[in-house]
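Every read-out reported here was derived from the displayed coordinates using simple, explicitly stated rules and does not represent laboratory data. Since the structure is predicted, the reported quantities are computational estimates derived from the model, not experimental observations. Don't worry about glycine lacking a Cβ; one is built from the backbone with ideal geometry, like all the others, and counts go over all protein chains shown.
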Amino acid sequence: MVLTTLEEEQAPEEARALLVRTQQEIPEPEASRAIIEMIATIMVYRFTNLSRQEVDAMLGLQLSDTRVYREAKEEGRQEGESALILRLLKRRIGSVDEALAARIQGLDIQQLEALGDALLDFTELNDLVLWLNRH
């Protein structure tokens, strides 16, 4: 929590020192990784004016290896896939109402990929409804 109260000029140095201490003092990989991710997350939120690459360089970390980054990337992928599926469905069977669109947007990546394959065989809206009810 110290990182949130320090002056902006001091925060990077303190964050790097905390990262080194964490790696030296906490031998368990999962516990160490959790603390490192927390430090990285604080710094990302603390320095919103910096790009991800600048924060990486500042800390000597690859933020793409942190859980926060992986989750954000996965969420973006899921949103992109569901948007693509909805566009394909519109071309294939016509407009999809909001309730069905919400169900599609709630699917995980694997389900969206399966729906993407299945929609090639759809000829009417009922095919989509049946597929969603089964999955």
As a Kirkwood estimate from alpha-carbon pairs, the chain has a hydrodynamic radius in angstrom of 17.9
Simple SL model, points at 7 angstrom along Cα→Cβ for Thr5 and Gln23; separation in nm is 2.7
Quick check: the angle from helix 11-25's long axis to the longest principal axis of the chain, C-alpha only, nearest 10 degrees? 90
Nearest 0.05, what FRET efficiency do Glu30 and Arg70 give at R0 = 22 Å with Cβ-Cβ as r? 0.90
Whole-number percent relative contact order across the chain, with pairs defined as alpha carbons under 8 Å at least 6 apart: 17
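Tell me, Kirkwood radius of region 73-134 from alpha-carbon pair distances, in Å?
Here the Kirkwood hydrodynamic radius works out to 11.5 Å.
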On a C-alpha basis, how far is the centre of region 1-37 from the centre of region 67-101 in Å? Whole number, if you could? 36
Angle, helix 29-46 long axis vs. longest principal axis of the chain, Cα atoms, 0 to 90°, nearest 10? 90
Hydrodynamic radius (Kirkwood) for region 1-79, which is based on Cα pairs only, to one decimal in Å: 13.1
Here, Asp97 and Gln110, labelled 7 Å along Cα→Cβ, have an inter-label distance in nm of 3.0
